Amino acid sequence: MSDLAFAPDWLDLREPADHAARDATLLAQASGGLDPTSIVLDLGSGTGSTARAFSRFGACPRWRFLDGDARLLSIATARHPIAEAIVVDLRDPTTLPLDGVGLVTSSALLDLMPRDWIEALARRLSLAGIPFYAALNYNGEMSWTPKLSDDARVIEAFNRHQLGDKGIGPATGPGSAPAARAAFERHGYRISTAESPWTLGPDDVVLQAELLKGIAAASGEAGEAGTEDWLSARRSVLEHATARIGHTDILAVPQ
């Protein structure tokens, strides 16, 4: 949660929740607008979860995976042998390989990126006339049942931490979806958004446990005292706890 590098185990652990959370209507619209010969360029591909989400809805386009982590891309191509994979520094959207691309996608990425990066991406895609589908952008909303008295303070600290520099400049964090909407609208796109929250229950106890650990660590780094006590209290009710972690999906289509 603190930078642009992610462990494969974490990505695999969260994938079922990601797939369940994606807004089905926006995903169908994104995949339905593809020319059969077009390539989908996936930014920050990780192990290829976005491609698997598309295939669950019957869409099997050609994929071009981009990520800065060669280890993750090796897993992605093992799972998707006919996909292209390019190890690339994502800092500069103006250098994206857009030849033959009919759609650009990202998942759980925009909230890590600075506002000027999103603006540069919108400008680059508008010049090429390419639509953009960005899913699972964290929007700052978190809640648990049962509630704890320290929840609000920990959430506030976590959201403050999400605005920090993830290695590319100050992140948009919970404001990524509004930032993307504004940027793409400025470049003549029609925008559709939908909520895509994780809804986690006792069956997701392993994911919940890892998520809580990350939230507590980030909140502590942001200066919130007592996060270890909060984490201990949250763990004590984990077997019957539910969590809702808010995300927003975006589809931007050139007009």
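The values are calculated or read from the model by the stated rules, or taken from the named source; none is laboratory data. Bear in mind that the values here come from a model prediction, so they are computed numbers and not experimental data. Note that each Cβ is placed from the backbone with ideal geometry, even for glycine, and that neighbours are counted across all protein chains shown.
Points worth noting:
- Note on segment 220-244: among residues that are buried (at least 19 other Cβ atoms within 10 Å of the Cβ) and not acidic (Asp, Glu), the one that is farthest from residue 145 (Cα to Cα) is 220.
- Residues satisfying the stated conditions in segment 18-50, i.e. under 14 Å from residue 104 (Cα atoms), of a type outside the set (D, E, K, R) and touching a helix residue (DSSP H, G or I) at 6+ places or on another chain (Cβ under 6 Å): 31, 45, 48
- Options 252, 209, 243: the member that is in a helix (DSSP H, G or I) and either at pLDDT below 95 or of a type outside the set (Asp, Glu) (or both): 209
- Test: residue in segment 37-45 that is part of a strand (DSSP E or B), of a type outside the set (Lys, Arg), within 14 Å of the chain's Cα centre (by Cα) and within 23 Å of residue 196 (Cα to Cα): yes
- Enumeration of residues in segment 183-205 that are surrounded by 15 or more Cβ atoms within 10 Å (Cβ to Cβ) and under 20 Å from the mean Cα position of the chain (by Cα): 183, 184, 191, 192, 193, 194, 196, 197, 198, 200, 204
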